[in-house]
Amino acid sequence: MVQLNEKAPLFTAMAYHDAEFKEISLESYKGKFVVLFFYPADFTFVCPTELEDMAENYAALKERNVEVLSVSTDTHFVHAAWHNDSPRIKKIQFPMVADPDHAISKAYEVLRAQGGVADRATFVIDPEGLIKAIEVTDEPIGRNAEELVRKIDALIFAREHPGVACPAKWKKGAETLKPGLDLVGKL
């Protein structure tokens, strides 16, 4: 699988966004955080709940200069049909990227060997194009966008404060840690 702190594989693909078909290039988002949000398929069960959750947290992510790109192996035509058909998916304001040739899913190593769909996977890419967080879950387990926002707050804080760490459940404004010998065995 792609590794943390490695360059994120670049891609260009068609997407459904703002009631239009658009070509999306990952490279065009350099300078901001990007969340690549892979999901198995449109018109399914857990996927619409996750995408609705992400849509409901999109404004919070945009406030942090974060862009979300959802990705499935469906075509941009299917994304448009789903967006027009589902009340949950109608809430989406971020680009819905199409990966029907599986190039993106293969590049990020999340394409399932059986079935031709992507795993439930989230990659957070920093403004320099480095992968800073990876989450992959099994089919029946939906993700939590609020936790993703918290992780991005921690990534932004750590980026702005080198040498400082954010402990478990850290939230913006909470106490941080300065890793060092004085903390060994004291926590």
Sorted by chain and number, the residues with a modelled amide H under 5 Å from that of R120, at a separation of 5 or more or across chains, are T137
Can you give the local net charge around I156? Use residues other than it whose beta-carbon is closer than 13 angstrom to its beta-carbon, Lys and Arg +1, Asp and Glu -1.
+4
Karplus-derived 3J(HN,Hα), 6.51/-1.76/1.60, for each residue of segment 6-13, Hz, glycine and proline x:
9, 5, 6, x, 7, 7, 10, 7
Residue by residue, what Karplus-based ³J(HN,Hα) values in Hz, rounded to whole numbers, does segment 122-132 have, using 6.51, -1.76 and 1.60 with θ = phi - 60° and x for Gly and Pro?
10, 10, 9, 10, 7, x, 8, x, 8, 6, 10
How many times 2.2 N^0.38 Å is the alpha carbon radius of gyration of the chain?
1.07
On a full-extension model of 0.36 nm per residue, what is the gain between T12 and E160, subtracting their alpha-carbon distance, rounded to one decimal in nm?
50.3 nm
What is the fewest-to-most order of M96, M14, M54 by other Cβ atoms lying within 10 Å of their Cβ?
M14, M54, M96
Residue range of the chain that is longest and free of chymotrypsin sites (Phe, Trp or Tyr not before Pro) which are both DSSP loop and sparsely packed (at most 13 other C-beta within 10 Å)
46-187
Amide hydrogen neighbours beyond the local backbone of K132, cut-off 5 Å, H modeled
N5, V124, I125, D126
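Quick note: the coordinates plus some simple rules give every number you see, no bench work behind them. Because the structure is predicted, anything quoted here is derived from the model rather than measured. As a convention, Cβ positions derive from the backbone with ideal geometry for all residues, glycine included, and neighbour counts pool all protein chains shown.
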